[in-house]
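Input: a single structure, listed below in C-alpha cells.
The values are calculated or read from the model by the stated rules, or taken from the named source; none is laboratory data. Note that this is a predicted model, so its numbers are computed, not measured. Cβ sites come from the backbone with ideal geometry, for glycine too, and all protein chains shown count toward neighbours. Quick note on the areas: whole protein, heavy atoms, side chains included, nothing else; ligands and nucleic acids left out. Shrake-Rupley method; radii C 1.70, N 1.55, O 1.52, S 1.80 Å.
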Amino acid sequence: MWLRSMRRYSVIVLVIVVLIVAIIYTLYAWQRQHQPVPGILPKKIPPISADIKYYGRWDTSNLKEFVSYWGGAYFKTAFSGQHIRLRLAEKAELFISIDGGADISYHGVNGLVNLTPRPLAAGKHTLRVASGSEWTSMHFQGLVLDPGASIIMPTTSSDVIEFVGDSITAGYSDRLNALSSYAWLTGEKLGVEHVQIATSGICLSSTAPSCTGMDTQFFKMQTIQYPDSPLWDSKRYTPDAVVINLGTNDYNHGQSAPAFELSYLGFIQNLRQRYPNTAIYVMRTFSGYMELPTRAAVYMLNASGDHNVFYVDTTGWLTPGSSDFTDGIHPSDSGQNKVAGYLAELLQHRHAGEV
C-alpha cells in the first residue's frame, strides 16, 4: 500500500516537472523569437540630419529640438518606406504635403504624429512640413520611419526670397493662413524657397504711436510674442531677394508721412548692411496707404547710389470693394492669388535682367 502510494506520488512529481520544463522552454523559445533584431526597429531621424532642409528662422541651438517661430517656416526632406511619423514637443498648427500633394491641415497636434494613416506605395517619397500660423511655433524633435527605411536629400531650389510684412503678408483671415498669403504663393509659382517674416498688427516704424516696428523686430529671431527675443544671425542664410509690404498699420496708428519715410530709409539701409548684394523690392500697400513716402524713400536710395532697390507699384492689382478683399484691407484667398500672379511675373523678369 505504502509502495503504491510512493509510486503514484513519483508519477505526479514527474508530470509536474515535465510541465514546468515545457513551460520554461516555451517561454525561452518565445523570447528568442521576439527578441529585437538589429535593422528591424523603426528608424529615428533627428532634427540635425543633413537630409532635412530648413527655411525660415529656426532656433537650432538644441540639437534634439529645432524650433521655428514665424508663420510659413518649413522644412523639406525625402524618405523611403510606406510610413512616416513626426515628433513634436509642443502643440502646433501645421500643414503637411507628401509627394507634392495638397497641404493637409494638422490642428493642435503634439507628440508623435502619424502622417501616413494609409500606407504609401513602396519607394521614394517627399515631405514638406510648414507652420501655418503666426501665433504658434513648431518644436520639431525628428521623424520616425519604417524599419530599414532611409532619409534622403530632398530636391530644393538654390534661390530664396524673403517676404517682410504685416497681417496681409502673414495671410490673416485666409483659408490656409501663411500658405494662402501672396508671399507663399509667389515663392511656389516661381519654384523657389521662401521665408515670411510677417506678423499681424506690426508697423514699419518703431516711432509709430502704440505700435511695434518691423524696423527693429525684423532683426530678431522670434516674433513680437517674445519681448526678450535674441537677435537673428543674418549669416545663417542670404536671400536672393527681399520683398517688403508695410505701411498699412503705420497709417492706421497715425504715423506722419515724413517720419514714415525716414523709418523706411533707415530700415532698408540696415537691410543693405546685412544683404549687400540682395535685390530689395518695396511694394505700394494694396490700399495705397503711405504710398508717397514709400516711393520717396526708394527714389532717395536710388539717388544715393543704391540701384538694387525697386519700387513696386501695385496700383490696379486689386479692386477695392470687390471679392479681392475680405474686409476692405485684407486680401481674400483669390485676391492673394491675384497678387502672387503679378508679383511672380515681375520678379521673374527682374531676375532674368529683362526689366
Derived scalar couplings ³J(HN,Hα) [region 311-319; Karplus, 6.51 cos²θ - 1.76 cosθ + 1.60; whole Hz; x for Gly, Pro] | 8, 10, 7, 8, 4, x, 5, 10, 9
C-alpha long axis of helix 257-274 to longest principal axis of the chain, angle in ° | 50 degrees
Starting from the Cα gyration tensor of region 57-131, take the square roots of the eigenvalues, sort them a ≥ b ≥ c, and report rounded, prolate or oblate (rounded when a/c is under 1.5, otherwise prolate if a/b is larger than b/c, else oblate).
-> prolate
Computed for region 164-266: size of charge dipole around the Cα centre, +1 on C-beta of each Lys and Arg, -1 on C-beta of each Asp and Glu, debye to nearest 20, value 120 debye
Please state the Cα pair-distance histogram of region 86-217 with 5 angstrom bins from zero: what percent is in each bin?
-> 2, 9, 16, 19, 18, 16, 9, 5, 3, 2, 1, 0
Nearest 10 degrees, 0 to 90: what angle lies between the long axis of helix 291-303 and the longest principal axis of the chain (Cα atoms)?
-> 80 degrees
How much length, in nm to one decimal, is gained on full extension between Tyr299 and Thr155, taken as 0.36 nm per residue of separation minus their Cα-Cα distance?
-> 48.0 nm
Under 18 Å from the 7 Å Cα→Cβ point of Ile48, by amide nitrogen: which residues of region 112-145?
-> 140-144
Length-normalised contact order of the chain, Cα under 8 Å, at least 6 apart, in percent, tallies to 14 percent
Could you give the nm distance between label points at Gln82 and Ser61, where each point is 7 Å from its Cα heading toward the beta carbon?
-> 4.3 nm
Positive-pole candidate from Phe140, Asn245, Gly187, dipole of region 112-252, charges at beta carbon = Phe140
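Going by accessible area, probe 1.4 Å, with all protein chains left in place, what is the ranking of Thr216, Thr248, largest first?
On the way: Thr216 70, Thr248 10 Å².
Ranked from most to least accessible, the order is Thr216, Thr248.
If you rank Leu231, Leu86 by how much accessible surface each has, with a 1.4 Å probe, what is the order from largest down? Can you show the working numbers first?
Numbers: Leu231 135, Leu86 0 Å².
Descending order: Leu231, Leu86.
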Using θ = phi - 60° and Karplus 6.51 cos²θ - 1.76 cosθ + 1.60, couplings along region 123-140 (whole Hz; Gly, Pro as x) | x, 8, 9, 10, 9, 10, 10, 10, 8, x, 10, 6, 9, 10, 9, 10, 9, 8
Shape category assigned to region 187-274 from the gyration tensor of Cα positions, a/c cut at 1.5 = prolate
From the Cα centre of region 106-148 to that of region 285-329, the distance in Å is 38 Å
Give the range of the longest stretch in the chain that excludes all trypsin sites (Lys or Arg not before Pro) found in loop regions by DSSP and having at most 13 other beta-carbon atoms within 10 Å.
-> 176-355
What does the charge dipole of region 282-355 about its Cα centre add up to, to the nearest 20 debye, if the Cβ of each Lys and Arg holds +1 and the Cβ of each Asp and Glu holds -1?
-> 120 debye
Looking only at region 140-181, which residues have a backbone nitrogen under 15 Å from a spot 7 Å from the Cα of Ser334 in the C-beta direction?
-> 175
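Against the 2.2 N^0.38 Å scaling, with N counting residues, where does the chain land? I'd like the Cα-based Rg ratio to two decimal places.
My calculation over the Cα atoms of the chain gives 1.41.
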Could you work out the mean projected area of the convex hull around the alpha carbons of region 227-355, in square nanometres to one decimal?
-> 9.5 nm²
For the table Lys44/Lys91; Lys91/Lys235; Lys44/Lys124; Lys64/Lys189, the rows whose alpha-carbon distance is greater than 25 Å are Lys91/Lys235; Lys64/Lys189
In nm, what is the difference between 0.36 nm times the number of residues separating His307 and Asn270 and their Cα-Cα distance?
-> 11.8 nm
